[in-house]
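The values are calculated or read from the model by the stated rules, or taken from the named source; none is laboratory data. Just so we're clear, the structure is a prediction, and the values are computed from it rather than from any experiment. Virtual Cβ from ideal backbone geometry, glycine too; neighbours counted across all protein chains shown.
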Amino acid sequence: MGLWLAPSPLVLASGSAVRRGLLEAAGVPVEARPASLDERAIEAGAPSEEPGAVAALLARAKALHVAAQMPGRLVVGADQTLALGRRRFDKPKDRAAARAQLRALAGRTHELHAAVAVARGPQVLYEHVGVARLTMRALTDAFLDRYLDAVGPAVVASVGAYQVEGPGIHLFERIEGDHFTVLGLPLLPLLAYLRAEGSLAA
């Protein structure tokens with residue numbers, strides 16, 4: 001007997017291998033159905049530029065978009081934003097943009113806002129936003145070149161041009177907050193909701 005009690009796997013409205021891996025490692029069966037949305041257009045229409053609010057808006061939009069295509073299924077949407085003070089960052093477009101982002105973040109503390117939303121049909125059943133603070137160490141130009149060479153094309157795969165579960169950990173001197181929030185999915189609050197909802201063994 002497993003921990004998952006629902007008759008169908010949880011639907012993940014994301015193509016993120018990291019988010020899927022976190023859920024599967026926790027014993028939650030996952031069916032990935034990435035939401036095909038214009039995220040920049042959704043951001044542009046956001047009523048607030050506050051990073052946590054933007055992340056929550058995107059997570060809701062993803063969950064509802066996929067839930068509309070899969071009636072009756074429990075769908076999880078997630079998103080993450082990065083803010084340095086009032087400046088919000090998106091995924092870099094290329095190596096040059098990644099280098100510019102890292103140069104801006106070096107020696108300073110930024111925040112990651114990770115949002116998760118659970119929907120069924122047209123209704124959002126649950127949402128949560130977690131925040132983590134990350135302090136990047138001072139970076140020399142020589143180290144930046146070595147880092148960008150080591151990471152290669154993956155540098156454009158995530159906001160901030162790093163993944164702390166890989167070589168990106170070398171960029172930091174301090175990380176404050178929940179590890180799963182840093183990875184882009186506030187897993188503990190999500191699991192608590194799924195237990196309360198009856199999909200997971202309590």
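Scanning the range 62-102 for residues that are within 17 Å of the chain's Cα centre (by Cα) and basic (K, R) yields a total of 3. Residues of the range 29-48 include at least one that is modelled with pLDDT under 95, within 15 Å of A117 (Cα to Cα), in contact with a strand residue (DSSP E or B) (Cβ under 7 Å, 6 or more places away or on another chain) and not acidic (D, E). Within the range 74-82, the presence of at least one residue that is at negative phi and part of a loop (DSSP other than H, G, I, E, B) is confirmed. With respect to Y126, determine if the residue is within 30 Å of Q69 (Cβ to Cβ) and in contact with a strand residue (DSSP E or B) (Cβ under 9 Å, 6 or more places away or on another chain). Considered against the rule, which asks whether it is within 30 Å of Q69 (Cβ to Cβ) and in contact with a strand residue (DSSP E or B) (Cβ under 9 Å, 6 or more places away or on another chain), Y126 comes out as yes. Consider the range 45-71 and keep the residues that are part of a loop (DSSP other than H, G, I, E, B) and in contact (Cβ under 8 Å) with a residue 12 or more places away in the chain. The one that is surrounded by the fewest Cβ atoms within 10 Å (Cβ to Cβ) is P71. Within the range 1-33, the set of residues being free of Cβ contacts under 8 Å to residues at least 24 places away in the same chain, within 17 Å of S158 (Cβ to Cβ) and part of a loop (DSSP other than H, G, I, E, B) comprises just one member, G15. Exactly one residue out of R120, R103 is under 30 Å from P7 (Cβ atoms), charged (D, E, K, R) and out of contact with any Ser or Thr (no Cβ under 6 Å at 6 or more places or on another chain), and it is R120. Of the residues examined, L105 is one that is buried (at least 18 other Cβ atoms within 10 Å of the Cβ) and over 24 Å from S14 (Cα atoms).
Of all the residues in the range 120-166, those that are under 17 Å from the mean Cα position of the chain (by Cα) and polar (S, T, N, Q) number 2. In the range 103-119, is there at least one residue being over 21 Å from A46 (Cβ atoms), under 19 Å from the mean Cα position of the chain (by Cα), modelled with pLDDT of 95 or more and not hydroxyl-bearing (S, T, Y)? Yes, because at least one residue in the range 103-119 is over 21 Å from A46 (Cβ atoms), under 19 Å from the mean Cα position of the chain (by Cα), modelled with pLDDT of 95 or more and not hydroxyl-bearing (S, T, Y). When A117, A138, A104 are screened for being small (G, A, S) and under 23 Å from L64 (Cα atoms), only A117 passes.
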